[in-house]
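The values are calculated or read from the model by the stated rules, or taken from the named source; none is laboratory data. The structure displayed is predicted, hence computed values, not measured ones. No Cβ is skipped: glycine too gets one built from the backbone with ideal geometry, and neighbour counts run over all protein chains shown. For accessibility, only protein heavy atoms count, side chains too; no ligands or nucleic acids. Shrake-Rupley method; radii C 1.70, N 1.55, O 1.52, S 1.80 Å.
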Amino acid sequence: MIAQTQYQLNASDLQIVLSLARAGTLAAAGERVGLDASTVFRSLQRLERGLGRTLFERSRAGYRPTDLAQLLIEQAEQIEAAIEAARSATAMQLSQVSGTVRLTTTDTVLHGLVAPALKLLKAEHPLIDYELHTGNELASLTRRDADIAVRATRKPPLHLVGKQLGPVRVALFAAKKGAVRTYAAVQAGNASWIAPDDALPEHPSVIWRKRQFPKVAPQYRVNSILSVMELVALGLGVGIVPLFLARDRRDLVQLTEPLDECETDLWLLTHPESRHLRRVSSVYSHLAQSIVLP
């Protein structure tokens, strides 16, 4: 055969060659591509005339590909694999949850519980973005500035829906390499105190300290419990810290058993209208399952 002009192969040509090589007969090849046997035959004839080369040897056993056909088959298989990869990627993209979830909590809960849980969620839902707000009020969730709140409270707002994740237990801590090693030393007045400032006047740890140590004036006052822990770890004094925040800290020593009077509840909260959004429900469900309190 001699090609009259330079033939331009297309995807349909490669599909015919691949299906015939795999099937071995015109009829079976036609079933693979949704054509009848005569159409496959005419397509093969047109292709061979265009190329000026024989692509298949005909025999009673069927159609056997020539060396040129084998080259075309390899290219056709690469195209087939690329198409399948594109289909899989598209299906995965369409099934994945995407969008921005706005979450409000305190810096203590964010660093100690929420951020580690979100890290685990990243592999499952890589297309979700997060806006993380830290503060000590629920106003942002009430105003609908946030989708989800994680809060330590004994009385969550009635207009929100949520799940109680468990009790937040706290204890008195000191630096492991500090001068204060026992609670008796604290009772004897041999320790400086680190405590929340007026930004948290009703914090359970503040109320407990004033009851147990009414004459104590904290030497360091900070606006977050996370800061209390970091200053305690530096050896600047003793302070009350949540167990979930201190559990992996080797630079702290626990001076008391959990203080029952300071115990409160951790709540995962959202709006009734927001909880059915896929992006919100996905993050909400993951946090509900992943956050574990000691």
Contact list, first residue from the stretch 66-90 and more than 20 Å from R49 (Cα to Cα) and in contact (Cβ under 8 Å) with a residue 60 or more places away in the chain, second anywhere and small (G, A, S) and part of a helix (DSSP H, G or I), beta-carbon distance below 9 Å, six or more apart or interchain, is I79/A11
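Residue check: is E124 open to solvent by 80 Å² or more (accessible area, probe 1.4 Å) and within 30 Å of A23 (Cα to Cα)? Reasoning before the result, please.
Details: open to solvent by 80 Å² or more (accessible area, probe 1.4 Å): yes; within 30 Å of A23 (Cα to Cα): no.
Judged against the criteria, E124 is not a match.
Scan the stretch 256-263 and tell me whether some residue there is under 24 Å from T104 (Cβ atoms), within 27 Å of the chain's Cα centre (by Cα) and in contact (Cβ under 8 Å) with a residue 12 or more places away in the chain.
At the first step, the residues of the stretch 256-263 found to be under 24 Å from T104 (Cβ atoms) are 262-263.
From what is left, the residues that are within 27 Å of the chain's Cα centre (by Cα) are none.
No, the stretch 256-263 contains no residue that is under 24 Å from T104 (Cβ atoms), within 27 Å of the chain's Cα centre (by Cα) and in contact (Cβ under 8 Å) with a residue 12 or more places away in the chain.
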Per the filter on the stretch 151-204, residues touching a Gly at 6+ places or on another chain (Cβ under 8 Å) and closer than 24 Å to W267 by Cα are P156, L172, A195
Residue hits (the stretch 6-27; among the aliphatic types (A, V, I, L, M), surrounded by fewer than 19 Cβ atoms within 10 Å (Cβ to Cβ) and more than 15 Å from S59 (Cβ to Cβ)) are L9, A11, A27
Pairing a residue in the stretch 193-219 that is more than 21 Å from E230 (Cβ to Cβ) and among the β-branched types (V, I, T) with any residue that is open to solvent by 50 Å² or more (accessible area, probe 1.4 Å) and modelled with pLDDT of 90 or more, where Cβ atoms lie under 8 Å and the two sit 6 or more apart in sequence or on different chains, gives I207/E261
With the first residue restricted to the stretch 157-182 and required to be crowded, with 18+ Cβ neighbours inside 10 Å, and the second required to be among the aromatic types (F, W, Y) and part of a strand (DSSP E or B), Cβ contacts under 7 Å at 6 or more apart or on different chains are G162/W267; L165/W267
All conditions in (1) touching a Lys or Arg at 6+ places or on another chain (Cβ under 6 Å); (2) part of a helix (DSSP H, G or I) are true of P294 except (2)
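Return the residues of the stretch 199-256 that are charged (D, E, K, R) and either closer than 25 Å to A117 by Cα or open to solvent by less than 20 Å² (accessible area, probe 1.4 Å) (or both); say none if nothing qualifies.
Of the stretch 199-256, the ones charged (D, E, K, R) are 202, 209-211, 215, 221, 230, 247-251.
Within the stretch 199-256, R209, E230, R247, D248, R249, R250, D251 meet the criteria.
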